[in-house]
Amino acid sequence: MNLESPLDSLKGIGEKTKQLFASVGIENLGDLLRYYPRAYEQYEEPRPAAGLQEGETVSIAGRLTAPLSNRYFQGRCISAAACMDASGEIQLIWYNMPYLRNSLRTGIRYIFRGKVKRKGNRLLLEQPAVFHTEQYQALMSSLQPVYSLTKGMTVNMVQKAVRGVLVGVKLPEDYLPPEERERYHLCSCNTAVSQMHFPDSAEDLQIARRRLVFDEFFFFLLQLRGLKERRTKEKNCFCIQPGVNAKHVIESLPYELTGAQKRVWADIERELQGESVMARLIQGDVGSGKTIVAVLALLTVVENGYQAAMMAPTEVLARQHYDSIVSLLQKNGLPYEVILLTGSMTARQKREAYAKMESGQASIVIGTHALIQEKAIYRNLALVITDEQHRFGVRQREAFSQKGKTPHTIVMSATPIPRTLAVILYGDLDISVINEMPSDRLPVKNCVVGPGYRPKAYAFIESQVRMGHQAYVICPMVEENDLVDAENVIEYTQILRRTFGKDIRVDYLHGRMKPVEKNEIMERFLRNEIQVLVSTTVVEVGVNVPNATVMMIENAERFGLAQLHQLRGRVGRGNAQSYCIFLHAIDGAQVRERLDILNHSNDGFEIANRDLQLRGPGDLFGIRQSGLMDFRLADIYADANLLQAANEAVDRIMREDPELCLPQHQELKLRYEQLLDEQSEHLNL
């Protein structure tokens, strides 16, 4: 066996288990090793039964006061008992585990671990895990990995499979030469993988994560380097002259472009006529007007007889771009045909779209990843634009840029990344920043509050909905989890439905939903068929919903400042005053001071720089705070030093051995080629 072997080559993995793993993206043994824990459980000293607080996850050592009782209610078995220690007793409840009655005995000391719940006036442990004293003491000396699961999967199932790979498969040699590992104080990659899953200590976990984050950055930047080298050799083979379309549209707009928009548009217009192919990033806050600048470029290109395309990360956003561009063309009497191409279209619709693209009948093509599939052939593509750039990988960007005769490229991002990091992360692009907001845009009003404010927040959201507006509520978790004390989308939706009643429609959205489901929910929210949308951070890249005026973020302390600013950007997009409520569950001067930055600033780039200064190594036992660039572990803010180190390492290796021919770089060359093959295969699915 090797890491490319299918999952069922592992002992104990049958067809049913194989399908479960496949549902979370694990197809082979390598995928399994890269399925890192999302959290780690630390087993602390048992607590006294008296004095517990609702919501805590605790361990209690004691004896049962009487044998378990089993009763049945609505087809469900409920097992109950009481645990007594020196301080008092607490109730225990299990569901659908009738066999416990025969396995748990009175007089024996057990340790029960679970979340403290309140039922009426009493506290209890619901569905606690049961340990003998010796078992628990062994667990106290280690960190136990916890994985993201789907229905039917268990943590033990994943742990057992990972152990099987670590024991039974010979892992590849380290791609990084010893002198490079020593220079950056990195452990071997195989040690890192093993310790990431089963760390011997918190310190070992930090060391393992450091190496794996370095690797993520290293290969990302290596790909970026190859893309940049190819681009710098490309000459502009398109004859594009300034036309009347862009000028006419600018004059017809109901507002005047800001100075920053005019400056960036002048740069783009000049580069379209230059000797080399343009590769430019437009970076600007949500609402700063990046899209209209991109549309001016589209219109200039098609006026010169070429095609242009724009790719968005979601179907809903792609359709919104399509509708707004069609409307703009109609208002200005421009005759160009615009088509939409997305993955959910029928085979017939796709064939018709492909035919119009290949014949040149379609001047502007708007869509999702479908724009870069093999069947998407363009007649004379001269400009490609990607929106919300951080949602696309380097290979996706490259695949798009290879459609046609190396077209000009514009990528847009509303993510406020400090320039020192942006220069590295977008190393193949020239960077333009739109750092002014339109004068008619009302700034969002902010407040930072504790959980005691929640009833007032609910009342405020209800009042805004009664006025005809809509609201977002953000939770850090999809479902309830005993290990992470944070609000979750599923349970929160039920709470709000009970709070607001049937005449206010509350629904939820999260990343585990199928794309079709997510699109349907966002379309309904856009049409105001849903008034309150409870969601994870999946909405930070969303559609323009001008009617949404409230953004409430639960457990705000769990997110990075830049990400909180991104979420806030979902509101304040219409004419009505908008509001953002940052609700923190953990109180303390440090939390309040950090969140207060958002209370006093709506400038994304200032916030990003403060975020960079404030972030520590991150909370390794909770959720990852930043989802930028689609890294598994890396956080560009918390890991900024490692990003810079990886960039330095790539520079040195490629300067000394650009073809990776030296003996010490053979494993690196092999690993890099495998990565490119995997990504190419993924793009062509």
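The values are calculated or read from the model by the stated rules, or taken from the named source; none is laboratory data. For clarity, every value in this text was computed on a predicted model and none was experimentally measured. Every residue, glycine as well, gets a Cβ built from its backbone with ideal geometry; the counts of neighbours run over all protein chains shown. SASA here: full protein model, heavy atoms, side chains in, ligands and nucleic acids out. Shrake-Rupley method; radii C 1.70, N 1.55, O 1.52, S 1.80 Å.
General observations
- The slack between E4 and K456, meaning 0.36 nm per residue of separation minus the straight C-alpha distance, is 157.3 nm.
- Alpha carbon centroid spacing (whole Å) that separates the stretch 508-532 from the stretch 165-197: 42
- Too-long pairs where the Cα-Cα distance tops 29 Å, listed order kept, from K247/K405; K262/K350; K228/K669; K290/K456; K119/K456; K16/K514: K262/K350; K290/K456
- The C-alpha radius of gyration of the stretch 1-150, expressed as a fraction of 2.2 N^0.38 Å, stands at 1.29.
- Summing +1 for each Lys or Arg and -1 for each Asp or Glu among the other residues whose beta-carbon sits under 14 angstrom from that of P67 gives +4.
- Loop sites in the stretch 146-226: GluC sites (Glu not before Pro), DSSP, at most 16 other Cβ within 10 Å: E173
- Accessible area, probe 1.4 Å, largest first, for residues R568, R38: R38, R568
- With 0.36 nm allotted per residue and the present C-alpha distance subtracted, the D503-R34 stretch has 164.3 nm of extension available.
- Cβ-based net charge around Q664, under 15 Å, with every Lys or Arg adding one and every Asp or Glu removing one: -3
- Projected label distance in nm at C661 and E27, using a 7 Å step from Cα toward the beta-carbon: 3.4
- Rolling a 1.4 Å probe across all protein chains gives K262 an accessible area of roughly 90 Å².
- Cα-projected label distance for S142 with K119, points at 7 Å along beta-carbon direction, nm: 3.3
- Tilt relative to the chain, helix 666-683 - C-alpha long axis, 0 to 90 degrees, to 10: 80
- When D639, D503 are compared by accessible surface with a 1.4 Å probe, the order from highest to lowest is D503, D639.
- Sum of -39500 (n - 2.57) over DSSP H runs of 4+, divided by residues of the chain (222 nm, nearest 500): -12000 deg cm²/dmol
- Part-to-part distance (alpha-carbon centres) for the stretch 288-307 and the stretch 101-158, which is given in Å: 59
- When you filter the GluC sites (Glu not before Pro) in the stretch 51-106 for DSSP loop state and at most 15 other Cβ atoms inside 10 Å of their Cβ, you are left with E54, E56.
- Using alpha carbons only, the radius of gyration of the chain set against its Kirkwood radius gives Rg/Rh = 0.99.
- The Cα-based radius of gyration and maximum Cα-Cα distance (Dmax) for the stretch 410-509 are 19.2, 52 Å.
- With 5 Å bins from 0: P(r) over the stretch 129-267, alpha-carbon pairs, percent: 2, 7, 10, 11, 11, 9, 8, 6, 6, 6, 8, 8, 4, 2, 1, 1, 0
- Annotation: lysines with alpha-carbon distance below 23 angstrom to K115 (same-chain offsets under eight excluded): K151.
- Given charges at beta-carbon only (K, R positive; D, E negative), |dipole| of the chain in Debye: 1880
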